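Notes for the one structure printed next.
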Amino acid sequence: MVPDKNAGTTPAPTRRQLLKAAALGVTAAAGGVAVAAPPAAEASQGGTAPMHPRPERIGASAPLAPPSVAVITLTRAGFGPWPGDVAAFNALGSTDAQRLQAWVDQQLNPAAIDDGPCDAKIAEAGFTTLNKSLGELWAQHYNNNPSDDVRYRPFRETTRLAFLRAIYSRRQLNEVLADYWHNHFNMNGDDPIGAPLFVHWDRDVIRANMLGNFRTMIEAVAKSAPMLYYLDNYTNSVSGPNENWARELFELHTMGAENYLGVLQQEDVPTDPEGRPIGYVDADVFESTRCFTGWSVANGQSGAANTGAFLYRPSWHDRFQKHVLKVLLPADQPDQVDGRTVLDTLANHPGVARYVSGRLCRRLIGDNPSQETIDAVAAVFFAQRAAPDQLKQVVRAILLSDEFRTTWGAKAKRPFEVAVSAMRAGGSQFPFVMGNSTTDSFISLYTAAGQQLFGRRSPDGFPDSQAAWSVPNPRVGGWRFTAYLVNARSSTNVYYLDVVNQTPANVRTSNQLADFWIDRVLNRTLSPEDRTAVVDFMAQGLDPDLVLPWNASVQNRVRALVGLLFWSPEFLYR
Amino acid sequence: MCDMHRRRFLVGSGASLLGAAGIAGGLPRLAFADPEADNTDLIVTVFLRGGMDGLSLVLPLTGADRGYYEAARPRLKIPVSGTGAALNLNGFLGMHPQAASHAGPTATSLYDLYLGGKLAIVQACGLNHPTRSHFDAQNFMELGTPGVRNSGFGWLTRHFQSATNLPQDIIMPSLAVGGTQQVCLRGNLETVNMTDAGAFRLDNIGISEWRAAQRVSLRTMVRNGVDEVHETSLQALDAVGIVEQYVNGTYTPSNGAVYPQGGLGDQLKLIARIAKLNLGLRGAAVDYGGWDTHDQQATGATGYFANQITTLTQALTALYQDLDGVGITQRMTVVVLSEFGRRLRENDDSGTDHGHGNFVLVLGGQVIGGVHGVWPGLRNDQLYDGADLAVTTDYRRVLSEIVIRRLGNNRLDQVFPGYNNYAPLGVVKGLDLPPWLPGTVFQDGFESGDKGHWTESVP
């Protein structure tokens, strides 16, 4: 008989006890996780929205006290503390509530935050495309049949720029949100047409709109050449319709699979008290496809100009009447009105408020935020849907919620967060410079962990759940690139992450070295068992209170100690 | 046979109620595993992501359906004669000509394997669910629970959990090749997930002087907790150790096999390499993307789709030929799936949109070759939704047959809960075991009845 090794001890840890995040447009790599007993209402037709019970760990470790609000905030609403950040946060007020409010207010006004050091690094990076207009990018990196080097340069610059900003910018929340919205409206930058236009996409579509109004944002997305190509709408015409954009607009960008009712006829979809349908069906997608016919690009086709700008082609538009989400769009509306009406209807739908708010809550709070919090945030999203700063208000609502402030460890870092938070914790001065082989080596190692920046092929974006990333490849990938980061140095042997010179002169015993760097990297204490493991590593069998000689071998060991902290499970919580 | 003990992940024995579509609760490790009945078969799933256009891979050659096909696909149709002509499968259906391509002078072709009876093609096969969403369809197929998105375990994971004929200690039972673990293996903590063996190790990076000591300390720390972050870190660390110890140096395929350049070739080559190392590999998953051909798909038998088929068929062939050289094909089954096919009618951009029924390929030494299943026809009233090839064989039927006849596991109630009408189709050889029917487990944990059939009764 096969013995159960876990019998008689704490309950066997199993993934089945993880409770599910909401069903997103999941891919093979998605992060849907088990419910202990799936709701019976999960119908084969795409069903009702699943419930969001509170998460529990697979098994129970002795729970550590959550870290300070400073650490929680800087780790989830930023990319982790830079040396001095925790003290600066705590200086913003005399209570946690004051500090958090002050920090959020500052961060939601990014233009007023001086970002000199980061700007200086950007200026030294050798970027040549960041200020080019869409027309210039189109003409100089796409339309002139360029070499791959030229074609892919805007994408490669934006990748390095994203790292620079995430690591060095003081506008940390801005960077977290940019990363979020790049995933929400996923665009494959590692692509023959996505790459040359990626500077425009990042600057003019995502960053320009992400603290503004959602309705404005989705129209900017809908009319941008990268998206029109990525999801094929540039070719969507009455004689040859293409539904790719319309489907993903509904399924991934606005309503979400949680509001998808599948095979019902439109007339059979139940309505809410305001007469709106409670969800969408395939027919809504097909009708929306018709609404977006003619939304194309000035790409020189059929006598058009060749600039990459949005171009509405009236002769391609399906002029007859349509029904989308129980709204009748009469025949022969003026140019673009059909498509805009679809966007209006979506942006004014409570289901969209819930879906988008749920995603933002899952990014900023944890994998299973409570329905109460999501609903409260959705209420702000919906109430402010005409406000020019709607999305700023939504983020404020999330960050000032009780759940944000009191949640810890309900989410794990993905490779991007591991890389950036490690460099920030270590005060690393890592180069991100075009044509620099160190930069290129790091990005190659980083990419192997499975979260290539702007390189997700499928429009659903990278998954945002702990479960999806708790598989060997990204975990090992993160260990590999953090091992590289603590050992990387310039041609003159200057370490980019300078462990040695950041270790005070009076920190020389194994106990001291461990405690100093645990505090620096994690900004909190470890469990006694973990601390012992770190001390023992440093001591290597010696007396942990022995003052160690400051020689090359010991210095390497301290670097490896920092690397060990980056490897630790504790470093992954956020 | 290596003595290394591998943590076997035993799910708690207090089984809770299994709902009709539910994957709830612990799957009881069946108590009376026969230590002599060690099944060594390997299943490899190749998932074509994006919705492979099955009707460009397998297509009608004659009859009224040929007429409907040609009328619907003026630009995409594969001809029956001349350059780029389809290969004959059974007199009625043909195959894309690139299936006869050779990756090199010593390489055979997938069509040769078909003629040799090693390739089964199941026509009009797929997911019996109306969704045309890539993500839902892929998930439903890989979770093995059409309509249910939130299952915590993939179908292949549930096979490993429910099989009673596997030894206690397997070094590397399953391998997920690619950037992330495929959903069919979701929830399986023993799976090694890697892109290539050189990148999946800690012995060639970082500070060489202290690497080994770091690893010891890391192992201590990951064992200091049992939550998901800790458990999966331990899994990753174990996996790295295995690869470092056993996968070294360059690899030479056997038997004249030539893998095509690029990702799929490399990934199938890695599977072959691991399979040959006697690490106990039982399951492997790999992806091949780029099939969502909404535009510029092809011109007849040339173009983008043809290139994809060339890579696919050559890579599958290489895997077979390579492992045939060492006798492993006798216990290997490769199954090729895609989330749905594409519409019969081409669109205006020389492409195709999301469809429904497709073709499932099964390749292996114990395959019963040929075309299987029921052809539904391409007349408009025979199409699904008036647009797509219909589904006449549930994909779970094919996988279930492989799980029973090749893997020797008849716990379909676990592997495909809610799938109640299994009957073998005849695509692989092997012993038919009557499948367990779904039902309740008594409160005291005992299940009763004859093997393959049991009744509820009040204790």
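The values are calculated or read from the model by the stated rules, or taken from the named source; none is laboratory data. Everything quoted here is computed from the prediction, not taken from an experiment. All Cβ positions, even for glycine, are placed from backbone atoms using ideal geometry, and neighbour counts span all protein chains on display.
Looking at the stretch A:432-465 only, could you name the residues that are within 13 Å of another protein chain (Cβ to nearest Cβ) and acidic (Asp, Glu)?
Answer for the stretch A:432-465, where residues must be within 13 Å of another protein chain (Cβ to nearest Cβ) and acidic (Asp, Glu): just A:Asp460.
Checking A:Arg457 against (1) more than 30 Å from A:Leu231 (Cα to Cα); (2) touching a residue at least 40 places away in the same chain (Cβ under 8 Å); (3) not polar (S, T, N, Q), only one condition comes out false. Which one?
Evaluating A:Arg457 over (1) more than 30 Å from A:Leu231 (Cα to Cα); (2) touching a residue at least 40 places away in the same chain (Cβ under 8 Å); (3) not polar (S, T, N, Q) leaves (1) as the failure.
Residue by residue through the stretch A:63-103, note down the ones that are among the aliphatic types (A, V, I, L, M) and surrounded by 19 or more Cβ atoms within 10 Å (Cβ to Cβ).
Selection gives A:Val69, A:Ala70, A:Val71, A:Ile72, A:Leu74, A:Ala77, A:Val86, A:Leu100.
Which ones in the stretch B:163-213 are assigned to a helix (DSSP H, G or I), within 7 Å of chain A (Cβ to nearest Cβ) and free of Cβ contacts under 8 Å to residues at least 12 places away in the same chain?
Hits for the stretch B:163-213 are B:Ala199, B:Glu209, B:Trp210, B:Ala213.
Do you know which residues across the stretch B:223-252 are crowded, with 20+ Cβ neighbours inside 10 Å and either more than 14 Å from chain A (Cβ to nearest Cβ) or touching a strand residue (DSSP E or B) at 6+ places or on another chain (Cβ under 6 Å) (or both)?
B:Val229, B:Ala239
Does B:Val286 count as under 28 Å from B:Tyr422 (Cα atoms), more than 17 Å from the chain's Cα centre (by Cα) and in contact (Cβ under 8 Å) with a residue 12 or more places away in the chain?
no
Mind checking whether some residue in the stretch A:374-388 is surrounded by 19 or more Cβ atoms within 10 Å (Cβ to Cβ) and without any contact (Cβ under 8 Å) to a residue 24 or more places away in the chain?
yes
Would you mind telling me which numbered condition in (1) facing another protein chain (nearest Cβ under 10 Å); (2) of a type in the set (Gly, Ala, Ser); (3) assigned to a helix (DSSP H, G or I) A:Ser239 fails?
Unmet condition: (3).
Are there helices (runs of 4 or more DSSP H) fully within the stretch A:112-221 with at least 3 residues that are touching a Leu at 6+ places or on another chain (Cβ under 8 Å)? List them.
A:116-123, A:153-168, A:172-184
Being over 30 Å from A:Ser315 (Cα atoms) and over 29 Å from the mean Cα position of the chain (by Cα) is the filter here; which residues of the stretch A:236-266 pass it?
A:Val263, A:Leu264
In the stretch A:192-237, which residues are closer than 18 Å to B:Gln296 by Cβ and of a type in the set (Asp, Glu)?
A:Asp232
Farther than 30 Å from B:Gly94 by Cα, more than 20 Å from the chain's Cα centre (by Cα) and surrounded by fewer than 21 Cβ atoms within 10 Å (Cβ to Cβ), is that true of B:Asp432?
Here the answer is yes, as B:Asp432 does meet what is asked.
Filtering the stretch A:510-550 down to residues that are among the polar types (S, T, N, Q) and part of a helix (DSSP H, G or I), which residue is farthest from the other protein chains (Cβ to nearest Cβ)?
Per the stated criteria, the residue is A:Gln512.
State all residues of the stretch A:221-275 that are surrounded by fewer than 18 Cβ atoms within 10 Å (Cβ to Cβ) and farther than 19 Å from B:Asp385 by Cβ; if no residue qualifies, say none.
Those that are surrounded by fewer than 18 Cβ atoms within 10 Å (Cβ to Cβ) and farther than 19 Å from B:Asp385 by Cβ: A:Val238, A:Ser239, A:Gly240, A:Pro270, A:Thr271, A:Asp272, A:Pro273, A:Glu274, A:Gly275.
Applying the selection to the stretch A:250-265, what residues are touching a Lys or Arg at 6+ places or on another chain (Cβ under 9 Å), facing chain B (nearest Cβ under 10 Å) and among the small types (Gly, Ala, Ser)?
If the condition is that a residue be touching a Lys or Arg at 6+ places or on another chain (Cβ under 9 Å), facing chain B (nearest Cβ under 10 Å) and among the small types (Gly, Ala, Ser), then A:Ala257 is the only one that fits.
Can you confirm whether A:Thr482 is more than 30 Å from A:Met227 (Cα to Cα), more than 7 Å from every other protein chain (Cβ to nearest Cβ), modelled with pLDDT of 90 or more and in a loop (DSSP other than H, G, I, E, B)?
It is false that A:Thr482 is more than 30 Å from A:Met227 (Cα to Cα), more than 7 Å from every other protein chain (Cβ to nearest Cβ), modelled with pLDDT of 90 or more and in a loop (DSSP other than H, G, I, E, B).
Return the residues of the stretch A:269-290 that are free of Cβ contacts under 8 Å to residues at least 60 places away in the same chain, more than 14 Å from chain B (Cβ to nearest Cβ) and outside any helix (DSSP H, G or I); say none if nothing qualifies.
A:Val269, A:Pro270, A:Thr271, A:Pro273, A:Glu274, A:Gly275, A:Pro277
So is A:Val352 of a type in the set (A, V, I, L, M), crowded, with 18+ Cβ neighbours inside 10 Å and in contact with a Ser or Thr (Cβ under 8 Å, 6 or more places away or on another chain) or not?
Judged against the criteria, A:Val352 is a match.
For (1) closer than 21 Å to A:Asn213 by Cβ; (2) among the aliphatic types (A, V, I, L, M), each residue gets a yes or a no:
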position	(1), (2)
A:Pro330	no, no
A:Val342	yes, yes
A:Asn368	no, no
A:Ala387	yes, yes
A:Gln390	yes, no
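Checking A:Ala225 against (1) touching a strand residue (DSSP E or B) at 6+ places or on another chain (Cβ under 6 Å); (2) within 14 Å of chain B (Cβ to nearest Cβ); (3) aliphatic (A, V, I, L, M), only one condition comes out false. Which one?
Condition not satisfied by A:Ala225: (2).
Is there a residue being of a type in the set (A, V, I, L, M, F, W, C) and either within 14 Å of chain A (Cβ to nearest Cβ) or surrounded by fewer than 16 Cβ atoms within 10 Å (Cβ to Cβ) (or both) anywhere in the stretch B:305-322?
Taking every residue of the stretch B:305-322 in turn, none turns out to be of a type in the set (A, V, I, L, M, F, W, C) and either within 14 Å of chain A (Cβ to nearest Cβ) or surrounded by fewer than 16 Cβ atoms within 10 Å (Cβ to Cβ) (or both).
For residues in the stretch B:139-156 being within 12 Å of the chain's Cα centre (by Cα) and assigned to a helix (DSSP H, G or I), which is nearest to the other protein chains (Cβ to nearest Cβ)?
B:Glu142
Which of the residues spanning the stretch A:468-515 are among the charged types (D, E, K, R) and surrounded by 24 or more Cβ atoms within 10 Å (Cβ to Cβ)?
Once the filter is applied, which keeps residues that are among the charged types (D, E, K, R) and surrounded by 24 or more Cβ atoms within 10 Å (Cβ to Cβ), the stretch A:468-515 yields only A:Arg475.
Please enumerate the residues belonging to the stretch B:48-68 that are over 30 Å from B:Ala285 (Cα atoms) and touching a helix residue (DSSP H, G or I) at 6+ places or on another chain (Cβ under 7 Å).
B:Pro60
All but one of (1) over 30 Å from B:Asn248 (Cβ atoms); (2) surrounded by fewer than 19 Cβ atoms within 10 Å (Cβ to Cβ) hold for B:Asn278; state the number of the condition that does not hold.
That leaves (1) as the condition not met.
Within the stretch A:551-574, track down each residue that is assigned to a loop (DSSP other than H, G, I, E, B) and within 7 Å of another protein chain (Cβ to nearest Cβ).
The answer is A:Ser568, and nothing else.
Filter the stretch A:411-461 for residues that are within 13 Å of the chain's Cα centre (by Cα), under 20 Å from B:Gly198 (Cα atoms) and assigned to a loop (DSSP other than H, G, I, E, B) and give the result.
Across the stretch A:411-461, the qualifying residues are A:Gln451, A:Gln452.
Is it the case that A:Val476 is assigned to a helix (DSSP H, G or I), over 21 Å from A:Asp190 (Cα atoms), over 16 Å from the mean Cα position of the chain (by Cα) and at pLDDT below 95?
yes
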